[in-house]
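Here the structure comes first, spelled out in structure tokens, and everything after it is commentary.
The values are calculated or read from the model by the stated rules, or taken from the named source; none is laboratory data. Treat the numbers as computed from the prediction; the structure is a model and nothing was measured. All Cβ positions, glycine included, derive from the backbone under ideal geometry; neighbour counts span all protein chains shown.
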Amino acid sequence: MSATTQDALHSDDHHDDGHMPTGLDRWVFTTNHKDIGTMYLVTSLVMFFVGGSMAMVMRAELFQPGLQFVDPQFFNSLTTVHALVMVFGAVMPAFVGLANWMIPMMIGAPDMALPRLNNWSFWLLPFAATLLLLTFFLPGGAPAGGWTLYPPLVMQTGDSFPFVVFAVHLLGASSIMGAINVIVTIMNMRAPGMTLMKMPMFVWTWLITAYLLIAVMPVFAGAVTMLLMDRFFGTSFFNAAGGGDPVLFQHIFWFFGHPEVYIMILPSFGVVSQIIPTFSRKPLFGYSSMVYATASIAFLSFIVWAHHMFTTGMPIAGQLFFMMGTMLIAIPTGVKIFNWMSTMWKGELTFETPMLFAISFVLLFAIGGFSGLMLAIVPADYQYHDTYFVVAHFHYTLVPGSVFAIMAAAYYWLPKWTGYYYNETIGKWHFWTSTIFINVLFFPQHFLGLAGMPRRIPDYPVQFADFNMISSIGGFLFGASQLLFVAAVWSSVKGTKKAPAKAWDGAEGLEWTLPSPAPYHSFAEPPEVK
Amino acid sequence: MFNRLRKPMLLAAAVFVSFAMVTTEAFAAWELDMPIGVTTLSNEIFELHRLILIVCTVICVGMFGFIFYTFATCRRSQGAKAASFTHSTKAEIIWTIIPTIILIVFAIPSARSVIAIEDTSGADLSIKVTGYQWKWSYDYLDQDKFFYSSIDKASYAAAQKGSGIDPATVEHYLRNVDKAMVVPVNQKVRILLTSDDVIHAWWVPELYVKKDANPGFINEMWFEATETGIFRGQCTELCGRGHGFMPIVVVVETQENYERWLAGELAWDATAQNLVATNLNSTAENTLAAR
């Protein structure tokens, strides 16, 4: 133990001399929060394109009725792996990457509290993702039972079944370690004077998210382990013939799954709560109610899971409880949206790319929130459930929700990361194309669902043809517009326009007191927070 | 300056006009809203859906309006100067209480509907519906009537990859079966739903019923159709390769025709898309041998 400490101290001294490992070693053995953050962000961008390509194939197949390109089984695999890749490979790692980069800088710390754990939690990720993607090449193909892995259907997966379970275990372990690191860092390494209620909102939302991760990832790991036992070791957790119950899996899965969706949205709330005040030149409206609203949403996320299961045949009391619990979530979420609106009100607004994405987040996430409220109403949910209405709903919360927030964060902090501004023209083009085409892509899906189109089907009755074609066109254009994001990031990496320490004139917070680009070790001396 | 705002405002307007234009009239393929339905409960549920849709749309339009008004008036390019207020307890209490009241207003009729939906007592007839990969079976309890129901031949042929058949030329593509379920009008029909393999879900939009068919368990639901007609639906829970290809057709008939169908005098004809007298048309025995 003391040897480890000595090593750590030694290597710190080493870095203080201004040296830093180079080449491959720098990335493989790094314990630096910025290097690890960068690797997380790059990995998630790659996975975003991998998962996005799968979506493009699905939208091509759905462009018109009839089967043109893929077998229905392969289509089901695409639906399944697209979701797993986007959730576990793109959105979650992107937020961990942002946490790694920004939390130490925002709380005045030199690095994360547990740097070696940090290295490990990152390096599990590419291997887990590879394991997941390799299942396409195994006999029986990739899993095709949906990302929710419902038994008994998931039991029909071919040889890839244990690989999927193992990949999920690895991803879970990676997330838990990342979450532990975030909590320990925030609890122990804040600059003197930074009380909990003075922390930036991004730090607050990540603290709460980290607790959610630690609470639910083991539940998910347990659920997939039970599947593994049922398949290979003769248990009957979910097999009715052996006294089990397939619906039990759904309860366990969604006990993980509902907090999971907040794991993907709470850090977005944090990002938007940093960006809107900056470009409104006005402090965040209702900081403490923002904190309490985030905590309430996190608490409520544990008692609403069965709203994903209204059609499974639940007792009336259960349906009413989960309906009302779900409706309650609208209240803290409304508080947040009203707070952002009030932050902008009487501000001094400018519309740089991060602000544009943050605004788009507020507007479009609200649409996803309202359709979520509609889905909570049980009698109506019987009609909406498992239709394209649901597909539209959760994509509104996840794409213009989480993904736009991640992109807003990238544009906002890129000048701090690279020392150069991105090309604003490319950024604006990326914003407008993304915002327009995301609506062309997902808005018509509301109509499809209401008119009766079930989700997860490779082919559809002809009366759904027109809106599907519009949706596909929106999808292709949205997919293509994301290349502009790569161009914008590249324009910052190879930048020409130098950014000052305080890259945005309205920005507040410790990260803007560091030079741009930020030094390899953030704060050697803790700053004083008044 | 309004020039720069015109684009986002027009976009927002377009999105919301289309959202607000929800209509129940069927204009061909451009269906925007749910069908009103033909059962004793469907109107009530549809109204609930319509109410919450309108309330959400109104609040959403109000919010968007406020935000775009903020953009128009509080921009630096128009010389706006930032105020410095950070909170207002009064405003925060108001926007906590008003949504709470709206939610309570929704919760009461919703709860009432749920209780009505779940009341399967006093049914006039019971049908056990079983899901399989990938077809349904219908077992009329106490009636000695049992049959399997698969996708019809024409849809099946057109749905093969590279079939060269344009789905638009197939009537009720993917929504037609070889043997339809027939029920009498104005009778309370109880469905006992289960599965033989994986989870399926039985949904006919116009009948306003959807529930999962879980293997090893029986779920109950009911409907009472108030109009005769042919109503179509599809499996709604991912159930493997053929998930998109296990349609449901329910024929709501008069009591007299229903009894003739039970007695075998009438049968579903997948080509004629209707019940036909069995002695006139032998194609009623359409089955899908190739499955």
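Points to keep in mind about this one:
- Which numbered condition residue A:398 misses (of (1) of a type outside the set (Val, Ile, Thr); (2) out of contact with any helix residue (DSSP H, G or I) (no Cβ under 9 Å at 6 or more places or on another chain); (3) under 26 Å from residue A:489 (Cβ atoms)): (2)
- Considered as a group, the residues in segment A:436-445 that are more than 8 Å from chain B (Cβ to nearest Cβ) and either of a type in the set (Phe, Trp, Tyr) or surrounded by 23 or more Cβ atoms within 10 Å (Cβ to Cβ) (or both) include one that is farthest from residue A:381 (Cα to Cα), and that residue is A:437.
- Listed by first and then second residue, the pairs linking a residue in segment A:195-208 that is within 14 Å of residue A:105 (Cα to Cα) to a residue that is outside any helix (DSSP H, G or I), with Cβ atoms under 8 Å apart and 6 or more places separating them unless they lie on different chains, are A:199/A:190; A:200/A:509; A:201/A:284.
- Against the numbered list (1) part of a loop (DSSP other than H, G, I, E, B); (2) of a type outside the set (Phe, Trp, Tyr); (3) surrounded by 13 or more Cβ atoms within 10 Å (Cβ to Cβ), residue B:84 comes up short only at (3).
- Selection of segment B:261-291 for residues being at positive phi and at pLDDT below 90 yields only B:273.
- Residue satisfying all of: in segment A:356-377; more than 10 Å from every other protein chain (Cβ to nearest Cβ) and crowded, with 24+ Cβ neighbours inside 10 Å; nearest to residue A:397 (Cα to Cα) among these: A:365
- Residue in segment A:63-75 that is in contact (Cβ under 8 Å) with a residue 24 or more places away in the chain, within 14 Å of chain B (Cβ to nearest Cβ) and under 22 Å from the mean Cα position of the chain (by Cα) present: no
- Any hit, segment B:189-205, residues being assigned to a loop (DSSP other than H, G, I, E, B) and farther than 28 Å from residue A:152 by Cβ: no
- Condition met for residue A:347 (on the phi < 0 side of the Ramachandran plot and at the interface with chain B (Cβ under 9 Å from one of its Cβ atoms)): yes
- Some residue of segment B:68-80 being without any contact (Cβ under 8 Å) to a residue 60 or more places away in the chain, at the interface with chain A (Cβ under 7 Å from one of its Cβ atoms) and surrounded by fewer than 19 Cβ atoms within 10 Å (Cβ to Cβ): yes
- Qualifying positions in segment B:151-174 - of a type outside the set (A, V, I, L, M), buried (at least 16 other Cβ atoms within 10 Å of the Cβ) and either in a helix (DSSP H, G or I) or out of contact with any helix residue (DSSP H, G or I) (no Cβ under 8 Å at 6 or more places or on another chain) (or both): B:152, B:153, B:155, B:156, B:167
- Flag if residue B:139 is in a strand (DSSP E or B) and either surrounded by fewer than 20 Cβ atoms within 10 Å (Cβ to Cβ) or touching a residue at least 12 places away in the same chain (Cβ under 8 Å) (or both): yes
- Of all residue pairs spaced 6 or more apart or on separate chains, those with beta-carbon atoms under 6 Å, a first member in segment B:31-43 that is closer than 14 Å to residue A:450 by Cα and more than 7 Å from every other protein chain (Cβ to nearest Cβ) and a second member that is in a loop (DSSP other than H, G, I, E, B) and at pLDDT below 90 are B:36/B:24.
- Residue list for segment A:450-459, filter: touching a residue at least 24 places away in the same chain (Cβ under 8 Å), part of a loop (DSSP other than H, G, I, E, B) and within 7 Å of another protein chain (Cβ to nearest Cβ): A:452, A:456, A:458, A:459
- Only one of the listed residues (A:74, A:136, A:127, A:95) is assigned to a helix (DSSP H, G or I) and crowded, with 24+ Cβ neighbours inside 10 Å. That residue is A:95.
- Residues (within 29 Å of residue A:65 (Cβ to Cβ), at pLDDT 55 or above and not hydrophobic (A, V, I, L, M, F, W, C)) located in segment B:19-49: B:31, B:33, B:35, B:37, B:39, B:42, B:49
Here is a yes/no grid of residues against (1) part of a loop (DSSP other than H, G, I, E, B); (2) among the acidic types (Asp, Glu); (3) more than 29 Å from residue A:94 (Cβ to Cβ); (4) within 14 Å of chain B (Cβ to nearest Cβ):
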| position | (1), (2), (3), (4) |
| --- | --- |
| A:197 | no, no, no, yes |
| A:208 | no, no, no, no |
| A:211 | no, no, no, no |
| A:235 | yes, no, yes, no |
| A:248 | no, no, yes, yes |
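- The residue that is nearest to the other protein chains (Cβ to nearest Cβ), among those in segment B:219-256 that are out of contact with any Gly (no Cβ under 8 Å at 6 or more places or on another chain) and free of Cβ contacts under 8 Å to residues at least 60 places away in the same chain, is B:236.
- Residues of segment B:189-208 satisfying the condition of being of a type in the set (A, V, I, L, M, F, W, C) and within 7 Å of chain A (Cβ to nearest Cβ): B:198, B:199, B:201
- Residue satisfying condition, being of a type in the set (A, V, I, L, M), in contact with a Pro (Cβ under 9 Å, 6 or more places away or on another chain) and either over 30 Å from residue B:83 (Cα atoms) or not in a helix (DSSP H, G or I) (or both), within set A:380, A:392: A:392
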